[in-house]
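Visitor: Below is one structure. I have some questions about it.
Coordinate-derived values only; no laboratory data. Only a predicted model underlies this, so the values are computations on that prediction, with no experimental measurement involved. Please note: Cβ atoms are built from the backbone with ideal geometry, for glycine as well, and neighbour counts cover all protein chains shown.
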Amino acid sequence: MKTKSKPKSKAKLNEHKVIAKVNKSKINYPIVFAISFVIITFAIGALFYNNLPSNIIMHWGLDGNADGTTAKEFGLFLIPLLMTGLLILLYFLPKIDPLRKNINEFRHEYHAFIAVISGFFLYIQLIMIILNLGFNLDIRQLLVPAFAILIYSTGSLIKKAKRNFFIGIRTPWTISSDVVWDRTHNKAGKLFKASAILSLIGLIIPELAFFFIIVPLLLASLGVIIYSYIEYKKENKE
């Protein structure tokens, strides 16, 4: 009986090794998209370089009016350079987390979030170029959908996040308890998604666009911090 069971166990072991190799060889599409967005952002800057003035607008006030310019040699490639650095940082940051095994449980959502951030900056680059080409558009209305998607994606990521030291709502109370972490992040995910939806009001009322982006987000962040403390107290009483 022992001699018969050994080949079976070896076969199962080999099967697991094959599956592991297949899993490792899977294409990480979110990261591929993120890298592609970086390359496209560089390419767009180069493509429109000769069509733009020597100084381009890089900053707009809360009223939607331009109030800051810079040399196009710097301005056109600042965003893709920032994207490159951010992509590298976000991709490798979990590898130094003592709780990186927990990050593996929501790695797909995390990588999808990295792709969303890269797409967000690509969109910002497009807006900047379009406005510098002379199109008369309200930047506040243009930014609203981008921020709404980014905030909603943050909510999706937070809801799936497991306890770690870099990603999520990291208060003394969430870090110290898996139960408090999970309850807080479940609540935070819903609040951030609600904030994203509220931010869309800025499409209708551009004068209050930044108000509906920033204020709900600040209130949601403050609320989940307080909520994590309350849940921690409840758990200790139990």
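Visitor: Taking only Cα atoms, what is the 0 to 90° angle, nearest 10, from helix 2-25's long axis to the longest principal axis of the chain?
Guide: With both axes taken from Cα atoms, the answer is about 0 degrees.
Visitor: Let me ask something else. Among the listed pairs 95/162; 26/159; 162/237; 160/190; 162/190; 159/190, which are separated by more than 18 Å between their Cα atoms?
Guide: Working: 95/162 15 Å; 26/159 25 Å; 162/237 23 Å; 160/190 11 Å; 162/190 16 Å; 159/190 8 Å.
Long pairs (Cα-Cα over 18 Å): 26/159; 162/237.
Visitor: May I pose another question? Using alpha carbons only, how many degrees (0 to 90, rounded to 10) separate the axis of helix 139-160 from the longest principal axis of the chain?
Guide: So the inclination is approximately 10 degrees.
Visitor: Moving on. Would you mind checking which residues have amide H under 5 Å from residue 60's amide H? H placed 1.01 Å from N; only 5 or more apart, or other chain.
Guide: Long-range HN contacts for residue 60: 67.
Visitor: Match the structure shown to one of the listed values (i) 22.8, 82; (ii) 16.8, 48; (iii) 17.8, 55 of Rg and Dmax of the Cα atoms in Å, computed from it, and give that label.
Guide: Label (i) holds the value from this structure.
Visitor: Hey, another quick one. Would you mind ranking 120, 147, 211 by Cβ crowding within 10 Å, fewest neighbours first?
Guide: Working: 120 18, 147 21, 211 14.
Fewest-to-most Cβ neighbours within 10 Å comes out as 211, 120, 147.
Visitor: Hey, another quick one. Note the angle between two axes, namely the Cα long axis of helix 107-132 and the longest principal axis of the Cα atoms of the chain, as a number of degrees from 0 to 90, rounded to the nearest 10.
Guide: Here the helix axis deviates by roughly 10 degrees.
Visitor: Can you compute the helix-only [θ] at 222 nm over the chain? Use -39500 (n - 2.57) per DSSP H run of at least 4 residues, normalise by all residues, nearest 500 deg cm²/dmol. Don't skip to the answer; put the middle values down first.
Guide: Details: 9 runs with 171 residues, N = 238.
Here the helix-only value at 222 nm equals -24500 deg cm²/dmol.
Visitor: So, one more: Sort 37, 42 so that the residue with the fewest other Cβ atoms within 10 Å of its own Cβ comes first and the one with the most comes last.
Guide: Working: 37 24, 42 18.
In increasing order of surrounding Cβ atoms, one gets 42, 37.
Visitor: Here is a follow-up. Beyond 19 Å, what share of the Cα-Cα pairs of the range 26-136 remains, rounded to the nearest whole percent? Before the final figure, lay out the partial values.
Guide: Working: 3146 of 6105 pairs.
Counting every Cα pair in the range 26-136, those more than 19 Å apart make up 52 percent.
Visitor: Still on this structure, I have one more. Mind listing the phi-derived Karplus ³J(HN,Hα) values for the range 202-210, rounded to whole Hz, using 6.51, -1.76 and 1.60 with θ = phi - 60°, and x for any glycine or proline?
Guide: My calculation for the range 202-210 gives x, 5, 8, 10, x, 4, 10, 4, 5 Hz in order.
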